[in-house]
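Throughout, read-outs are computed from the coordinates displayed, never taken from laboratory work. All of these numbers come straight from a predicted model, not from anything done at the bench. Methodologically, a virtual Cβ is constructed for each residue, glycine included, from the backbone with ideal geometry; neighbour enumeration extends over all protein chains shown.
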Amino acid sequence: SKEKIALFTIFGGTGDLAQRKLYPSLFKLYQKGYLQEHFAVIGTARRPWTNEHYHGVITDSLASLNADPAMVAKFADHFYYQSHDVTDAQHYITLKKLSEKLDAQYGLEGNRIFYLAMAPNFFGTIAQHLRSENILTPNGFNRVIIEKPFGHDFESAKELNDQLTATFNEDQIYRIDHYLGKEMIQNISAIRFGNNIWESLWNNRYISNIQVTLSEKLGVEERAVYYDNSGALRDMVQNHILQILSLLTMDQPVEFTEKDIDVEKVKALRSLRPLKPEEVATNFVRGQYGADGDVQAYRNEDKINPDSNTDSFVAGKIMIDNFRWSGVPFYVRTGKRLADKFTRIDVVFKRPIVNIFNHDDVRANDDADAHLAPNVLTINVEPTEGVELQMNAKNVGQGFATTPVKLNFAHDSAATANSPEAYERLLHDALNGDATNFTHWKEVAYSWKFVDVIQKYWDEHTPDFPNYRPGSMGPTASDELLAKDGHEWVYKS
Ligand code: BG6
């Protein structure tokens, strides 16, 4: 049977993440039969809610799914609310009793998943109490799922990790990076290792540069307090972008398993060329949006420090010092209040060395127009999910001029509508004991070490903010970063 058996204990059960992502994802797993009779959920938080009120919250969180109300009610019956102060040992005793009761009632076989949907400064306390109050079971599995941010630099990440590993082994820790749950991020490996034409060319002899863009249209919204202490570099580059980069650049794993993939990702991340402080300014660009029409400047947003020097945009050039990638720049960028909401990866191949078409005397001509356009393989991650290849072909008709054309594949909307959302996939993986699409400690560690140098330099030098217009693709320095190398962003707004 595909049924998974477990007790979920969600710390932060009244929170935004639980309501927006976790409850709907658990419900989808229920609809698909991965969760049936043998599961229960304990939601905890400080508020004194009743089970009845909690069921109402669960039901409301599923409203947009338009599901059968009878099914929703049956699902909600598996949920129990327990008011809980994470620092109070007594409360864990109550939690333990409830866990044991539900374990017996639902036949949960001692399988436990602890979901820490809370601020990371509580992770240590929770983990420690789970151990000291014996809430971990000896007979089933014990897994902990944690949310970002995993530290705000290497030191704090290490401290957090030490606190968790005092209770859990690395293979019991599931660190969420929800980008790893996205269909097209998972597809990177299939595209690369499933196609000889790509893997044969996937190196510095054929690839000119690779661009990763995670563009957001919205501002900081309701997460202002967190974001203002973080900024785009920590919020998006340390985790999502470097994870994507590791998948794009790693060598072929021996087998397509969690262990083997982790080995290759760690090697890729270890090979990132560390920046020296004096190299930060020439390789990384930071930005913060100003006001434009109805859109407020970052510094005027609700709960943002009016003198904030936090980066709402970052673009960077990253080099990887290994045999495969030596000399190939990876340009990455992400930001709030940009032109549009999308994620894409552009793999820009080297141009044909000589253009024998289009110009009479190309060899004598240094003009850029004399070159053929490069092949570009674009992996569209969101909202379109597919791949696109730009290639040169002959213009229709007399004469012989060439023009770039596009081969285009996109998953049809019916297929993607049924495809699981990131959180649904990741919860399913955690139930299965498969942490392939979660981040492992060494990956986190190398990512922070790379990012820390940049952040430190920025913290020590005052930026000239604001420096970009909402609705643009960031400050002009981002374009100049590529122009210096004779490149340009493939996507321009
Ligand atoms: C989160 C960041 O990790 O990713 C947010 O903290 C960001 O700031 C979000 O908005 C973007 O995720 P997605 O799935 O909407 O691209």
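To make sure I understand the rule: partners must be lysines, Cα under 21 Å from the Cα of Lys217, and not fewer than 8 residues away in the same chain. Which ones qualify?
Here the lysines satisfying the reach criterion relative to Lys217 are Lys21, Lys182, Lys303, Lys336, Lys341, Lys492.
Taking the Cα centre of segment 142-279 as the origin, how large is its charge dipole in debye, to the nearest 20, when only Lys and Arg (+1) and Asp and Glu (-1) carry charge on their Cβ atoms?
Here the size comes out at about 380 debye.
Suppose we keep just the DSSP beta bridges with both residues in the chain; what percent of those would be antiparallel, to 5?
Of those bridges, close to 55 percent are antiparallel.
Excluding residues on the same chain fewer than 8 positions from Lys96, give the lysines whose Cα lies under 25 Å from its Cα.
Reachable lysines: Lys4, Lys74.
Of Ser208, Ser478, Ser132, how do they rank once you tally other Cβ atoms within 10 Å and put the fewest first?
Lowest count first: Ser132, Ser208, Ser478.
Which ordering of Val72, Val225 is given by a fewest-first count of other beta-carbon atoms within 10 Å?
Going from sparsest to densest Cβ surroundings: Val225, Val72.
Please rank Thr384, Thr310, fewest neighbouring Cβ atoms within 10 Å first, as an exposure proxy.
Thr384, Thr310
Give me the percent relative contact order of segment 215-352, please, defined on Cα pairs under 8 angstrom at least 6 residues apart.
Relative CO of segment 215-352 lands at 36 percent.
May I ask you to list the trypsin sites (Lys or Arg not before Pro) in segment 283-325 that are in a DSSP loop and have at most 12 other Cβ atoms within 10 Å of their Cβ?
Qualifying residues, ordered by number: Lys303.
For a protection proxy built on the mean count of beta-carbon atoms within 10 angstrom, sort 435-445, 166-176 highest first, please.
Per-residue mean Cβ counts within 10 Å order the peptides as 435-445, 166-176.
I want the local charge near Phe438. Using Cβ-Cβ distances under 14 Å, sum +1 for each Lys or Arg and -1 for each Asp or Glu among the other residues.
Cβ neighbours under 14 Å give a net charge of -1.
Kindly provide the GluC sites (Glu not before Pro) of segment 249-319 that DSSP labels as loop, not H, G, I, E or B, and whose Cβ sees at most 10 other Cβ atoms within 10 Å.
Glu255
Can you give the net charge of the other residues whose Cβ lies under 13 Å from the Cβ of Arg273, counting K and R as +1 and D and E as -1?
+2
In µm²/s, what is D for the chain at 4 °C and 1.567 mPa s, where D = kT/(6 pi eta Rh) by Stokes-Einstein and Rh is the Kirkwood radius from Cα pairs?
Taking Rh from Cα pairs, D becomes 53 µm²/s.
Tell me the Kirkwood radius of segment 272-344: reciprocal of the mean inverse pair distance over distinct alpha-carbon atoms, in Å.
Hydrodynamic radius (Kirkwood, Cα pairs) of segment 272-344 is 14.5 Å.
Based on the alpha-carbon gyration tensor of segment 407-484 and its eigenvalue square roots a ≥ b ≥ c, which shape applies: rounded if a/c is under 1.5, prolate if not and a/b is larger than b/c, or oblate?
It comes out oblate by the Cα gyration axes.
Using unit Cβ charges (K, R positive; D, E negative) and no other charged atoms, how large, in debye to the nearest 20, is the dipole of segment 1-114 about its Cα centre?
It comes to approximately 260 debye.
Just need the relative contact order of segment 1-158 here, percent rounded to a whole number, with Cα pairs under 8 Å and 6+ apart.
28
Return the loop-located chymotrypsin sites (Phe, Trp or Tyr not before Pro) in segment 289-336 (DSSP other than H, G, I, E, B) with at most 11 other Cβ atoms within 10 Å of their own Cβ; answer none if there are none.
Loop-located and lightly packed - Phe323.
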